[in-house]
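Participant: First the structure, which I've put down as structure tokens, then a few questions once you've had a look.
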Amino acid sequence: MLEIKNLHVKLEEEDKVILRGVDLKVEAGKVHAIMGPNGSGKSTLSYVLSGRDGYEVTEGSATLEDQELLEMEPEERAAAGLFLAFQYPVEIPGVGNMTFLRTALNAQRKARGEDEVSAGDFLKLVREKAASLKIDADMMKRPVNVGFSGGEKKRNEILQMALLEPKMCILDETDSGLDVDAMKLVSEGVNALRDEGRAFLVITHYQRLLDHIKPDVVHIMANGRIVQTGGPELALEVEKNGYADILAGVQ
Amino acid sequence: MALPQAKLDQLSARIAGLHFPATGWQGKARGEALERLGAMGLPGKRDEYWRYTDPTALTAPETKAVEGRGEAAFESIDAVKLVFVDGVFDAAASDDPALAGVEITRLAEVADIHWAGDLYGQLEAAGQTPVQRPLAAIGSAFATDGVLIRATAAAGRPVALVYRSESYSSDVILHHVVKLEEGAELTLLESGDAAARLLTVMEVDVAKDARFHHVRSQGRTPERLVATHIFARIAEGALFKSFTVAANGVLTRNEAVLDIVGDDAVAHVAGVAVGDGRDFLHDDTVFITHGAERCESRQVFKKVLKNGATGVFQGKILVKPGAQKTDGYQISQSLLLDGDSQFLAKPELEIYADDVKCSHGSTSGAIDDTALFYLRSRGVPEKAAQSLLVLAFLAEALAEIEDEAIAEDLRARLEGWLDRHDG
Ligand SMILES: Nc1ncnc2c1ncn2[C@@H]1O[C@H](COP(=O)(O)OP(=O)(O)OP(=O)(O)O)[C@@H](O)[C@H]1O
Ligand SMILES: [Mg+2]
């Protein structure tokens with residue numbers, strides 16, 4: 001599904017190197033988790049994959065089902081099936097959440113040569129997905145993320161994911177800011193989407209989320225590289241002992 | 001105080017060839033306007049009130065022909081249409097001006113005894129202090145035509161003034177007078193391009209508990225020059241709302257002078273301007289006087305500028321002694337789509353009452369890159385995402401239009417403009 005090879009990334013404006021040769025392969029149907037110390041480059045990786053400005057790829061490649069991701073516009077990547085649940089979802093005053101969701105869904109469908117969803121069908125679809133995430137109708141009427149609490153913003157990200165049904169879902173610390181119940185709801189939302197044709201890359205600091213969303217593979221990222229890869233037990237080890245041992249082992 | 005010779009010569013050159021009827025109340029009112037004009041002379045670049053906008057093109061004796069692209073708005077709105085072609089009322093192209101509770105007369109055909117006799121030029125004259133507005137005096141003195149509208153009840157349909165130009169070489173001067181009697185309600189629409197150079201004055205007298213809505217779409221002819229003036233007197237419990245959308249044109253100066261004279265009145269003036277190109281200058285100049293208690297005023301102006309366009313806002317709230325519990329709000333904002341464009345704003349508050357709430361804010365900024373990326377990351381193409389953000393920026397101003405159908409008409413028009421101007 002997603003294949004990243006020897007990815008090197010620096011900031012466009014400064015001579016600051018952030019990713020120093022990331023290699024990662026996520027197969028369809030799998031859930032991979034990435035853990036790693038603050039500032040190790042996890043969000044940067046997710047931004048570079050989704051096409052945010054400000055980064056320069058100096059080496060390496062990233063493909064989504066054999067399409068060269070790094071050459072596509074952000075909207076093309078989205079239409080190709082990539083989705084990033086932001087660590088910090090963005091507030092957009094003046095743009096209604098419903099307008100936003102419908103515009104996004106129909107734009108993606110149009111890009112794929114599919115018919116637009118009618119207003120009625122769309123409304124039904126959103127209501128259904130919102131209800132399962134316990135997002136109340138009132139929130140849907142407000143501008144995108146404006147006045148949403150931290151946890152509501154994260155749930156809104158998952159709502160978008162559920163609606164857009166992407167193939168490759170990257171979740172950047174979706175668990176931070178969620179209360180215990182919300183974490184369960186969000187995890188159920190993610191688990192409901194798990195299937196053969198879809199893959200997840202879950203960035204997190206905590207084992208707790210991985211109790212609900214059971215990963216197939218766990219990676220540790222440090223200083224711009226994947227330094228260790230293992231099974232779910234790797235996350236448990238991090239939870240217990242922190243990163244010191246792992247990082248010492250690398251050096 | 002006599003004007004210096006150079007100013008007199010400049011004024012003579014500007015009004016050479018212009019005439020007005022010498023008799024009746026019109027002759028008197030227009031004569032007085034000419035006297036006011038003679039005492040003021042034309043505005044100059046060095047005048048404080050024209051600091052950001054060079055009036056030369058408006059004061060020059062002649063104006064050059066332009067290539068017209070007039071576009072009437074509000075076609076989806078069921079209104080009584082009054083059409084002016086090159087500044088002259090065209091009865092054949094217009095609807096029958098019969099509307100229950102509303103009396104409509106053409107300025108060029110008005111009788112010697114008429115209700116407008118007590119009003120014509122009066123609000124303009126009052127609006128000459130503390131700031132001089134010589135162009136408005138030209139409008140009162142030399143208007144070739146206009147409408148006189150008197151509403152005595154709630155009008156069932158809006159009245160729509162539609163401007164067309166056939167030659168686009170014309171220099172048109174119009175003067176409208178609108179009077180709403182106690183408890184009356186009227187919506188007045190204006191759209192289209194009247195001329196290569198248009199000068200208008202509209203005097204609006206809103207009596208007790210009356211409600212006046214004005215929505216205007218200024219034409220799209222790229223090289224047109226426009227100077228408009230609204231003078232309103234707003235009585236107790238009355239409501240006055242004026243909204244303008246403008247795109248294109250090399251020079252637009254829209255002045256609004258609102259005088260709130262009765263308690264519990266409401267006065268809103270708002271506008272959206274979309275400017276593209278180094279030649280574009282759009283200037284909103286507003287002066288609101290609070291002279292009564294518990295009144296509310298709002299000024300909401302938004303501009304989207306690119307490729308070197310300039311936006312100007314001069315807005316003043318004057319709260320007179322005794323105008324307690326005044327609620328004054330003023331915001332002027334520009335969205336600069338590139339580093340070449342500029343926004344010049346001069347917000348002013350002058351308050352002589354102690355129990356008032358007045359706020360003002362002025363900002364200019366760029367499209368929020370983070371928001372743009374967020375939208376694109378969800379699959380919204382860049383241009384559509386940008387349009388969404390621009391419309392979001394304009395939303396607060398558009399919300400000032402009360403009638404949803406009229407607002408929707410303008411919103412669709414704006415979307416069209418934004419799409420066409422992309423890239
Ligand atoms: N635009 C930027 N300007 C300056 N520094 C940046 C920029 N983007 C990222 N960095 C730096 O790159 C490094 C990696 O940041 P990134 O956000 O990818 O870390 P992270 O692994 O997601 O951390 P966290 O766990 O705290 O979310 C950090 O040192 C960060 O300060
Ligand atoms: Mg991060």
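Participant: Can you name every residue in segment B:26-67 that is surrounded by 19 or more Cβ atoms within 10 Å (Cβ to Cβ), among the hydrophobic types (A, V, I, L, M, F, W, C) and closer than 17 Å to B:Phe280 by Cα?
Facilitator: B:Trp50, B:Leu58, B:Val66
Participant: Looking at segment A:144-153, can you tell me whether even one residue there is over 24 Å from A:Glu76 (Cα atoms), within 14 Å of chain B (Cβ to nearest Cβ) and more than 16 Å from ligand 1 (Cβ to nearest atom)?
Facilitator: Yes - at least one qualifying residue is present in segment A:144-153.
Participant: Sticking with this structure for a sec: Tally up the residues in segment A:2-31 that are surrounded by fewer than 22 Cβ atoms within 10 Å (Cβ to Cβ) and more than 13 Å from ligand 1 (Cβ to nearest atom), please.
Facilitator: Going through segment A:2-31 one residue at a time, the tally reaches 13.
Participant: Something else about it: Mind listing just one residue for me: the one in segment A:63-75 that is outside any loop (DSSP other than H, G, I, E, B) and more than 15 Å from A:Glu27 (Cβ to Cβ) and, of those, farthest from the other protein chains (Cβ to nearest Cβ)?
Facilitator: A:Glu68
Participant: In addition: Can you name every one of the strands (runs of 3 or more DSSP E) wholly within segment A:166-239 that holds 3 or more residues which are touching a Phe, Trp or Tyr at 6+ places or on another chain (Cβ under 9 Å) and within 16 Å of ligand 1 (Cβ to nearest atom)? First the steps, then the outcome.
Facilitator: On the way: elements: A:168-172, A:199-203, A:217-222, A:225-230.
Passing ranges, in order: A:168-172.
Participant: Can I ask one more? Filter segment B:254-286 for residues that are touching a residue at least 60 places away in the same chain (Cβ under 8 Å) and open to solvent by 10 Å² or more (accessible area, probe 1.4 Å); which is farthest from B:Ser217 (Cα to Cα)?
Facilitator: B:Asp259
Participant: Against the definition (more than 16 Å from ligand 2 (Cβ to nearest atom) and under 27 Å from B:Tyr374 (Cβ atoms)), how does A:Ala192 come out, yes or no?
Facilitator: Taking the combined requirement at face value, the residue satisfies it.
Participant: Name, by its number, the condition in (1) over 30 Å from A:Ser149 (Cα atoms); (2) outside any loop (DSSP other than H, G, I, E, B); (3) open to solvent by 70 Å² or more (accessible area, probe 1.4 Å) that does not hold for A:Arg102.
Facilitator: If we test A:Arg102 against (1) over 30 Å from A:Ser149 (Cα atoms); (2) outside any loop (DSSP other than H, G, I, E, B); (3) open to solvent by 70 Å² or more (accessible area, probe 1.4 Å), just (1) comes out false.
Participant: Could I ask something else about it? Quick one: which of A:Tyr47, A:Tyr88 is in a helix (DSSP H, G or I) and closer than 22 Å to A:Lys10 by Cα?
Facilitator: On the way: A:Tyr88 fails: in a helix (DSSP H, G or I).
Answer to the check: A:Tyr47.
Participant: Regarding A:Glu173, is this residue charged (D, E, K, R), away from chain B (no Cβ under 14 Å) and open to solvent by less than 60 Å² (accessible area, probe 1.4 Å)? Steps first, please.
Facilitator: On the way: charged (D, E, K, R): yes; away from chain B (no Cβ under 14 Å): yes; open to solvent by less than 60 Å² (accessible area, probe 1.4 Å): yes.
Taking the combined requirement at face value, the residue satisfies it.
Participant: Also: What's the number of the condition A:Asp66 fails, among (1) without any contact (Cβ under 8 Å) to a residue 12 or more places away in the chain; (2) within 19 Å of A:Gln160 (Cα to Cα)?
Facilitator: Result: A:Asp66 passes all but (2).
Participant: Please specify each residue of segment B:338-392 satisfying the condition of being farther than 21 Å from A:Tyr47 by Cβ, out of contact with any strand residue (DSSP E or B) (no Cβ under 6 Å at 6 or more places or on another chain) and free of Cβ contacts under 8 Å to residues at least 12 places away in the same chain.
Facilitator: Scanning segment B:338-392 gives B:Gly339, B:Ala384.
Participant: Another question about this same structure. Suppose we filter segment A:22-44 for residues that are outside any loop (DSSP other than H, G, I, E, B), small (Gly, Ala, Ser) and touching a Lys or Arg at 6+ places or on another chain (Cβ under 6 Å); how many remain? Write out each step before concluding.
Facilitator: Restricting attention to segment A:22-44, the residues satisfying the condition of being outside any loop (DSSP other than H, G, I, E, B) are A:22-26, A:31-35, A:42-44.
Within this subset, residues satisfying the condition of being small (Gly, Ala, Ser) are A:33, A:43.
Add one more test, that the residue is touching a Lys or Arg at 6+ places or on another chain (Cβ under 6 Å), and what stays is none.
The number of residues fulfilling the criteria is 0.
Participant: Quick check: is even one residue across segment A:177-195 within 13 Å of the chain's Cα centre (by Cα) and of a type in the set (D, E, K, R)?
Facilitator: No.
Participant: Look through segment A:35-62, keep the residues that are touching a Ser or Thr at 6+ places or on another chain (Cβ under 8 Å) and touching a residue at least 24 places away in the same chain (Cβ under 8 Å), and return whichever of them is nearest to the other protein chains (Cβ to nearest Cβ). Write out each step before concluding.
Facilitator: Let us first name the residues in segment A:35-62 that are touching a Ser or Thr at 6+ places or on another chain (Cβ under 8 Å), namely A:35, A:50-52, A:55.
Retained after the next criterion (residues that are touching a residue at least 24 places away in the same chain (Cβ under 8 Å)): A:35, A:50-51, A:55.
Working: A:Met35: 23, A:Ser50: 5, A:Gly51: 7, A:Tyr55: 12 Å.
Restricting to residues being touching a Ser or Thr at 6+ places or on another chain (Cβ under 8 Å) and touching a residue at least 24 places away in the same chain (Cβ under 8 Å), the top hit is A:Ser50.
Participant: Return yes or no: is B:Lys346 charged (D, E, K, R) and surrounded by 24 or more Cβ atoms within 10 Å (Cβ to Cβ)? Let's see the steps before the verdict.
Facilitator: Working: charged (D, E, K, R): yes; surrounded by 24 or more Cβ atoms within 10 Å (Cβ to Cβ): no.
Spelling it out, it is not the case that B:Lys346 is charged (D, E, K, R) and surrounded by 24 or more Cβ atoms within 10 Å (Cβ to Cβ).
Participant: Continuing with the same structure: Going by the structure shown, is A:Leu101 under 30 Å from A:Leu45 (Cβ atoms) and facing another protein chain (nearest Cβ under 9 Å)? Explain how you work it out, then say what you get.
Facilitator: Values: under 30 Å from A:Leu45 (Cβ atoms): yes; facing another protein chain (nearest Cβ under 9 Å): yes.
The answer is yes for A:Leu101.
Participant: Could you list, in sequence order, all residues of segment A:71-85 that are more than 16 Å from ligand 2 (Cβ to nearest atom), surrounded by 16 or more Cβ atoms within 10 Å (Cβ to Cβ) and over 17 Å from B:Lys383 (Cα atoms)?
Facilitator: Taking segment A:71-85 and keeping what is more than 16 Å from ligand 2 (Cβ to nearest atom), we get A:71-83.
With the extra rule that they be surrounded by 16 or more Cβ atoms within 10 Å (Cβ to Cβ), the set shrinks to A:72, A:74-83.
Matches in segment A:71-85: A:Ala80, A:Gly81, A:Leu82, A:Phe83.
Participant: I want to confirm something. Restricting to segment A:105-124 and keeping residues that are in a loop (DSSP other than H, G, I, E, B) and farther than 18 Å from A:Leu159 by Cα, which single residue is nearest to the other protein chains (Cβ to nearest Cβ)?
Facilitator: Looking only at segment A:105-124, we keep the residues that are in a loop (DSSP other than H, G, I, E, B), and these are A:112-118.
Filter again for farther than 18 Å from A:Leu159 by Cα, leaving A:112-116, A:118.
Details: A:Arg112: 10, A:Gly113: 14, A:Glu114: 12, A:Asp115: 15, A:Glu116: 13, A:Ser118: 18 Å.
Among residues in segment A:105-124 that are in a loop (DSSP other than H, G, I, E, B) and farther than 18 Å from A:Leu159 by Cα, the one nearest to the other protein chains (Cβ to nearest Cβ) is A:Arg112.
Participant: What are the residue pairs meeting all of these: first residue in segment A:71-93, first residue under 16 Å from A:Lys167 (Cα atoms), second residue open to solvent by 10 Å² or more (accessible area, probe 1.4 Å) and of a type in the set (D, E, K, R), Cβ atoms under 6 Å, and 6 or more apart or on different chains?
Facilitator: Sorted first by the residue in segment A:71-93, then by its partner, the pairs are A:Pro74/B:Arg376; A:Glu75/B:Arg376; A:Ala79/A:Arg112; A:Gly81/A:Lys167.
Participant: Can you give me the number of residues within segment A:86-99 that are buried (at least 23 other Cβ atoms within 10 Å of the Cβ) and within 16 Å of ligand 2 (Cβ to nearest atom)?
Facilitator: Count: 1.
The values are calculated or read from the model by the stated rules, or taken from the named source; none is laboratory data. Because the structure is a prediction, the values reported are computed rather than measured. All Cβ positions, even for glycine, are placed from backbone atoms using ideal geometry, and neighbour counts span all protein chains on display. When the accessible area is computed, the model is the full protein with side chains, heavy atoms only, and any ligands, DNA or RNA have been set aside. Shrake-Rupley method; radii C 1.70, N 1.55, O 1.52, S 1.80 Å.
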